[in-house]
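Single-structure report; data block below.
The values are calculated or read from the model by the stated rules, or taken from the named source; none is laboratory data. Worth saying up front: this structure is predicted, and the values here are computed from it rather than measured. Quick reminder, even Gly has a Cβ in these numbers, built from the backbone with ideal geometry, and neighbours come from all protein chains shown.
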Amino acid sequence: MRGEPFKSFPKPGKRRAVVKKEARREKKLTRAQVVAKVWLITKGICQRCGKKCKPPKETYPLDPDRGEVNDIVPVSRGGNRLDVNNQELCCRGCHYGGPSGAHAPTPARQVRR
């Protein structure tokens with residue numbers, strides 16, 4: 001019909017848009033926020049050995065008491081780095097050393113080629 005103006009869909013109210021935007025922000029945490037939450041939840045205690053960890057800003061990089069946030073299920077196996085429940089705090093000694101460490105050396109016979 002030529003003489004009638006085009007009727008568009010009604011725009012959502014401003015309040016509704018603000019609520020949706022806040023909900024989206026709340027769901028998506030940054031990596032820094034996830035790390036901060038893990039430190040607060042665990043109170044700076046290693047989840048593997050129970051020893052008190054030092055924050056990364058207070059220590060030098062190779063300090064064995066330095067706390068590091070580690071993925072429980074690696075991203076390569078479907079884990080999520082932005083999920084607080086998939087993260088654990090462990091000292092550098094537990095993170096890199098021993099047979100249960102996340103970055104422990106793998107024997108040659110177990111490596112897939």
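If you take the residues in region 50-101 that are in contact (Cβ under 8 Å) with a residue 40 or more places away in the chain and aliphatic (A, V, I, L, M), which one is surrounded by the fewest Cβ atoms within 10 Å (Cβ to Cβ)?
Taking region 50-101 and keeping what is in contact (Cβ under 8 Å) with a residue 40 or more places away in the chain, we get 51, 81-84, 87-91, 93-94, 100.
So of that shortlist, the ones also aliphatic (A, V, I, L, M) come out as 82, 84, 89.
Values: 82: 13, 84: 16, 89: 22.
It comes out as 82.
Kindly establish whether residue 112 is exposed (fewer than 10 other Cβ atoms within 10 Å of the Cβ) and at pLDDT below 65. Working first, answer last.
On the way: exposed (fewer than 10 other Cβ atoms within 10 Å of the Cβ): yes; at pLDDT below 65: yes.
When the stated conditions are applied, residue 112 passes them.
Considering only residues of region 27-47 that are on the phi < 0 side of the Ramachandran plot and in a loop (DSSP other than H, G, I, E, B), which is modelled with the lowest pLDDT?
Keep residues of region 27-47 that are on the phi < 0 side of the Ramachandran plot, which gives 27-42, 45-47.
Narrowing further to those that are in a loop (DSSP other than H, G, I, E, B): 28-30, 46-47.
Working: 28: 73, 29: 78, 30: 83, 46: 91, 47: 89.
For region 27-47, the residue satisfying everything is 28.
Would you check if there is a residue in region 48-62 being more than 21 Å from residue 85 (Cβ to Cβ), at pLDDT below 65, assigned to a helix (DSSP H, G or I) and among the acidic types (Asp, Glu)?
no
If you go through region 27-36, how many residues are touching a residue at least 24 places away in the same chain (Cβ under 8 Å) and within 9 Å of the chain's Cα centre (by Cα)?
Our first condition is that a residue be touching a residue at least 24 places away in the same chain (Cβ under 8 Å); within region 27-36, this holds for 28-31, 34-35.
From the residues that got through so far, the ones that are within 9 Å of the chain's Cα centre (by Cα) too are 29-31, 34-35.
The total comes to 5.
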